[in-house]
1. If amide H atoms are built 1.01 Å from N in the plane of the peptide, which residues on other chains or at least 5 residues away come under 5 Å of the amide H of residue 138?
2. What is the helix-to-structure angle for 185-211, meaning the angle in degrees between its Cα long axis and the longest Cα principal axis of the chain, kept from 0 to 90 and rounded to the nearest 10?
3. Treat the count of other C-beta atoms within 10 Å as a stand-in for reagent exposure and order 227, 158, 277 from fewest to most.
4. Comparing 178, 19, 267, which has the greatest mean-square fluctuation in the GNM of the chain with Cα pairs linked when under 10 Å apart?
5. Identify which of 117, 41, 219 has the largest mean-square fluctuation in a Gaussian network model of the chain, with springs joining Cα atoms closer than 10 Å.
6. How high is the relative contact order of the range 2-218, in percent, with contacts defined as C-alpha pairs under 8 Å that are six or more residues apart?
7. Using the count of nearby Cβ atoms within 10 Å as a rough guide to exposure, how do 208, 2 rank from fewest to most?
8. For the chain, count the residues as N, evaluate 2.2 N^0.38 Å, and divide the Cα radius of gyration by that value, please.
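What follows is calculated from the coordinates using simple rules that are stated; it is not laboratory data. Since we're looking at a predicted model, the values are computed, not measured. Cβ coordinates were reconstructed from backbone atoms using ideal geometry, including for glycine residues, and neighbour counts include every protein chain displayed.
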Amino acid sequence: MTDFLQLFFSGLATGGIYALAALGFTLLWQAAGTINFAQGEFVMLPAFMMLAFVSMGAPFLVSFLLTCILATAVLGWAFKRGIVDPLFKFGMMPIVVATIGLSIFMRNGMRAGYSAEAHPFPSLFADKLFNIAGVTITLADVGTLVLALLLVFATQAFLAKTITGRAMQAVAQNTESASVLGINVPRMIFYTFAINAVLACAAAVLVTPTYLAKFDMGESLGNKAFFAAIIGGFNNSRGALLGGLIVGVCENLAAAYISPAYKDAVALVIFMVVILFKPQGLLGRKEERKV
């Protein structure tokens, strides 16, 4: 039982990271009506940006803030203007194909232009252990889970409780009606991409100390985050949290009690089961969109 609880809590921390990356999928879908299959690479790139700033002597917090600014420009504004805006009028499929191509380009570009080696990454949390009723929990696991939960709930509250958040969702539901109501549609869509870029920076801070900074670190993370978003409900930010936690816990338990070889297949299996019985996801809802 002790081993099970330890695996469970460790899985929650991993699931929190998946949830944060999955939130990027649901955010772009809820507020901009688009899908980004380069989401994993959007986490990988800020990790290397932060390493570059740290190597130049900048403190870690300053490096994070500078990375958020740079990521907002590159992964927010440039991504929107260079890929999404020109293709959006042609429907979803061109964007899907373009973002898949972008993910391949970013991975190979980082490998060729920077390094194919894995690089250590500083952690926000001290190397400290807690022993609770025989269950050993690391400070990193607790801190990762808490920060991920705070970011997910803060994003959800922003979308649901603020005028700007509701305007962003209105734009996704019906751009014409939103424009008639006086909403600045281009600005709201940019806000969505900017928030997604900052969330990707936060995910990079949490995931990279464990998985190291490597050119292909985003591939597996992006796949699992996408599955987590579908499992929880693609149009529900709370669904991203639920899906991420389910995937993180289940893959930890599968690796321990079945075989480590099946760990990466767990998300796919859960995804297939969920869409067979509830295609809209566990917390998702059926909806109609007009763009």
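1. 130
2. That helix lies at roughly 10 degrees to the long axis.
3. With the fewest neighbours first, 227, 158, 277 line up as 277, 158, 227.
4. In this elastic network of the chain, the residue with the biggest mean-square fluctuation among 178, 19, 267 is 178.
5. Answer for the Gaussian network model of the chain: 117.
6. 42
7. Ranked by crowding around the Cβ, least crowded first: 2, 208.
8. Against the empirical 2.2 N^0.38 Å value, I get 0.99 for the chain.
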